[in-house]
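Quick note: the coordinates plus some simple rules give every number you see, no bench work behind them. Values in this document were obtained by computation on a predicted structure and should not be read as measured data. Don't worry about glycine lacking a Cβ; one is built from the backbone with ideal geometry, like all the others, and counts go over all protein chains shown.
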Amino acid sequence: MSLGDDQLLDLKDSIFAAFRPIESLFKVMGSASVDEGGETTRLCSEIGLELARIFRGKLDAALDILTAETRRP
């Protein structure tokens with residue numbers, strides 16, 4: 001399977017776009033006051049945002065490998 005740079009960028013954008021609502025949920029949870037959602041909500045938000053950051057990093061690494069493989073002769 002050979003993907004061009006534009007196709008890889010579109011793939012990455014599509015995956016990030018599909019994941020964005022989940023990430024937004026964690027951001028909203030993090031903005032809740034302790035009185036509204038309790039400390040558990042804020043802690044879950046921190047965990048979720050860290051997992052989202054890790055996911056983005058892993059996805060970038062995987063797509064970098066895929067890009068390098070598609071450029072090999």
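Details
- Per-residue [θ]222 nm for the chain (sum of -39500 (n - 2.57) over DSSP H runs n ≥ 4, rounded to 500): -32500 deg cm²/dmol
- The angle between the Cα long axis of helix 34-71 and the main principal axis of the chain comes to about 0°, on a 0 to 90 degree scale.
- Förster radius 22 Å - calculated FRET efficiency between Ala18 and Leu66, Cβ distance, rounded to 0.05: 0.80
- Rounded to whole numbers, the Karplus 3J(HN,Hα) couplings from phi for the range 4-9 are x, 4, 5, 5, 5, 5 Hz, using 6.51 cos²θ - 1.76 cosθ + 1.60 with θ = phi - 60°, and x at Gly and Pro.
- Lys, Arg +1 and Asp, Glu -1 on Cβ, resulting dipole of the chain about Cα centre, debye, nearest 20: 200 debye
- Ranking of Lys58, Lys12 by neighbouring Cβ atoms within 10 Å, starting from the fewest: Lys58, Lys12.
- The Cα atoms of the chain give a gyration tensor whose axes a ≥ b ≥ c have a/c of 1.5 or more with a/b greater than b/c, which makes the shape prolate.
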